[in-house]
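Undergrad: I have a structure here, written as structure tokens, and I will follow up with some questions on it.
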Amino acid sequence: MVVFYSFKGGVGRTTALAAMAIQLARMGERVFVVDVDLDAPGAGTLLSPDEGGVTRGLVDYLLDAQLGDVDINDYVHRIRREKLVGDEGGEVIVMPAGSVDEHYLMKLARLDLEIRGTHHPLEHVLHAARAKLEPDWILIDSRAGLSPAAGLLLDGIAHLHVLFATSSAQSQLGIAQVIRSLGAERIRRDYEQANVIVVHAMLVDIADVEKLARPQFHAWLDEVLEAQYWVTKESDPEDSYWNTGDDGKQDAPGDAIEIPYRYRFAFFSSVDDVVLDLLEGPYKALGRRVLMQFAAAEAVDGSERG
């Protein structure tokens with residue numbers, strides 16, 4: 001289970017998630033994508049169905065589930081077209097937020113995301129997905145900002161968190177708090193760190209701007225990780241946490257993935273239009289990093305690192 005999160009919207013988070021889903025499907029994997037960004041949904045449109053598709057999604061599922069048993073298959077659409085998922089037998093199953101029509105705002109107003117019993121309503125969705133859809137991967141497009149839904153998704157429910165930050169002070173302020181929550185705060189509560197990958201998003205492809213933005217971003221990330229995430233090497237002799245001795249390693253959180261801003265990406269509506277771009281360059285690098293994290297976890301007696 002991988003959460004894609006950004007403090008600010010419009011940074012290419014959903015596009016990167018779509019790229020990850022396509023790459024995994026081309027490996028023959030079954031990938032479940034759920035759009036939890038209910039305020040600004042987009043994953044269901046970006047990852048459009050092969051034909052027709054459903055008009056219902058996560059919002060409808062949560063409302064209907066309050067009234068009785070529901071079948072998650074009625075709230076998803078499937079992508080099997082070879083142009084996207086290749087010919088290895090993989091597929092992408094998408095649960096959109098819902099149909100953004102004249103009724104959507106009224107549905108949001110009726111939605112209750114309060115915990116009932118011991119589980120959050122979103123947890124019921126994930127349990128149903130595992131049981132009924134049997135995915136190899138669950139990719140979650142998180143709501144931006146510091147919301148209750150984002151809080152659940154950033155509190156250890158996922159195996160990996162892909163955090164999108166830009167060079168702006170507002171973005172970095174929010175992401176710093178998320179890194180603290182996933183690192184220092186979890187350690188203080190006697191939990192393991194949550195695994196993270198940091199993406200430097202929207203890097204402008206202009207030499208003079210890059211020359212200023214890249215070192216500033218890395219200096220900021222190093223400072224945040226040292227204060228809010230790393231454990232000192234001396235206090236972690238068994239190397240069971242991400243610690244200061246891991247700084248500089250290719251799979252460590254401090255090695256940020258850079259995804260530059262692409263002007264033509266502002267004008268496409270479906271990943272079919274840019275699928276070749278999503279299989280190469282920074283998106284391929286991000287896909288490799290995600291796979292590397294899970295390969296490392298399996299190497300440690302099947303447990304998760306960090």
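The values are calculated or read from the model by the stated rules, or taken from the named source; none is laboratory data. From a predicted model like this one, the values you see are computed outputs, not experimental measurements. Ideal geometry is used to build each Cβ from the backbone, glycine not excepted, and the neighbour counts take in all protein chains shown. Heads up: the accessible areas ignore ligands, DNA and RNA and are worked out on the full protein's heavy atoms, side chains in. Shrake-Rupley method; radii C 1.70, N 1.55, O 1.52, S 1.80 Å.
Undergrad: Leaving ligands and nucleic acids out of the surface, order T55, T15 by accessible area at 1.4 Å, largest first.
TA: Accessible-area ranking of T55, T15, largest first: T55, T15.
Undergrad: Could you check which residue among V59, V275, V11 shows the biggest mean-square fluctuation in a GNM of the chain with a 10 Å Cα cutoff?
TA: Residue with maximal mean-square fluctuation among V59, V275, V11: V275.
Undergrad: Can I ask one more? In Å², and per residue, what accessible area does the chain have when probed at 1.4 Å with the other protein chains present?
TA: 47
Undergrad: Another one. What does the charge add up to near A201, with Lys and Arg as +1, Asp and Glu as -1, over the other residues with Cβ less than 12 Å from its Cβ?
TA: Cβ neighbours under 12 Å give a net charge of +2.
Undergrad: Give me the net charge for the shell around S181: Cβ to Cβ below 14 angstrom, other residues only, Lys and Arg +1, Asp and Glu -1.
TA: +1
Undergrad: Quick one: if you stick a label point 7 Å off each Cα along the C-beta vector at D64 and H119, how many nm between them?
TA: So the label points at D64 and H119 sit 1.7 nm apart.
Undergrad: For region 98-178, state which GluC sites (Glu not before Pro) are in a DSSP loop and have at most 10 other beta carbons lying within 10 Å of their beta carbon.
TA: Listed in order of number, the matching sites are E102, E114.
Undergrad: So, one more: Please identify the GluC sites (Glu not before Pro) of region 1-84 that satisfy two criteria: DSSP loop assignment and at most 10 other Cβ atoms within 10 Å. Which are they?
TA: Those satisfying the criteria are E51.
Undergrad: How big is the dipole moment of region 62-116 about its Cα centre under a simple scheme where the beta carbon of each Lys and Arg is +1, that of each Asp and Glu is -1, and everything else is neutral? Debye, nearest 20, please.
TA: Value, rounded to 20: 140 debye.
Undergrad: Nearest 5 is fine: what % of DSSP beta bridges in the chain come out antiparallel, could you say?
TA: In the chain, DSSP labels about 10 percent of beta bridges as antiparallel.
Undergrad: What percentage of the solvent-accessible surface of the chain, computed with a 1.4 Å probe over protein heavy atoms, is contributed by carbon and sulfur atoms?
TA: Roughly 50 percent of what the probe reaches on the chain is carbon or sulfur.
Undergrad: List the pair-distance distribution P(r) of region 183-300, using every Cα-Cα distance, as the percent of pairs falling in each 5 Å bin from 0 up to the bin containing the longest distance, rounded to whole percents.
TA: The calculated distribution, bin by bin, is 2, 10, 16, 19, 18, 14, 10, 7, 3, 1, 0.
Undergrad: Could you state how much accessible area E192 has, in square angstrom rounded to the nearest 10, with a 1.4 Å probe and all protein chains kept in place?
TA: 90
Undergrad: Given charges of +1 on the Cβ of Lys and Arg and -1 on the Cβ of Asp and Glu, with all other atoms neutral, how large is the dipole of the chain about its Cα centre, in debye to the nearest 20?
TA: Dipole size: approximately 480 debye.
Undergrad: Read phi for every residue in region 159-164 and hand back ³J(HN,Hα) as whole Hz from Karplus 6.51 cos²θ - 1.76 cosθ + 1.60, θ = phi - 60°, with x for Gly and Pro.
TA: So the J values, rounded to whole Hz, are 8, 8, 10, 9, 9, 9.
Undergrad: Taking the Cβ of L153 as the centre, find all other residues whose Cβ is under 13 Å away and add up their charges (Lys, Arg: +1; Asp, Glu: -1).
TA: Neighbour charge sum, excluding L153 itself: -3.
Undergrad: Given the C-alpha centroids of region 105-180 and region 64-100, what is the distance between them in whole angstrom?
TA: 18
Undergrad: Gaussian network model of the chain, Cα springs within a sub-10 Å range: biggest mean-square fluctuation belongs to which of A25, A16, A109?
TA: Comparing A25, A16, A109 in a Gaussian network model of the chain, the most mobile one is A109.
Undergrad: Please list, by residue number, every one of the chymotrypsin sites (Phe, Trp or Tyr not before Pro) in region 151-254 that is coil in DSSP and has at most 13 other beta-carbon atoms within 10 Å.
TA: Y191
Undergrad: Sequence-distant or interchain residues sharing an amide H contact under 5 Å with F164, placed H: which?
TA: Y5, S6, F7, V199
Undergrad: Going by amide H atoms built from the backbone, whose H comes under 5 Å of the H on Y261, apart from near neighbours?
TA: M202, L203, V204, D205
Undergrad: Another question about this same structure. If the elastic network links every pair of Cα atoms under 10 Å, which of V196, V224, V92 fluctuates the most in the Gaussian network model of the chain?
TA: V224
Undergrad: Å³ per residue of the Cα convex hull, for region 139-193?
TA: Convex hull of Cα atoms, per residue: 81 Å³.
Undergrad: How much mean residue ellipticity at 222 nm does the chain get from its helices, if each DSSP H run of length 4 or more adds -39500 (n - 2.57) and you divide by all residues, to the nearest 500 deg cm²/dmol?
TA: The helix-only estimate for the chain comes to -11000 deg cm²/dmol at 222 nm.
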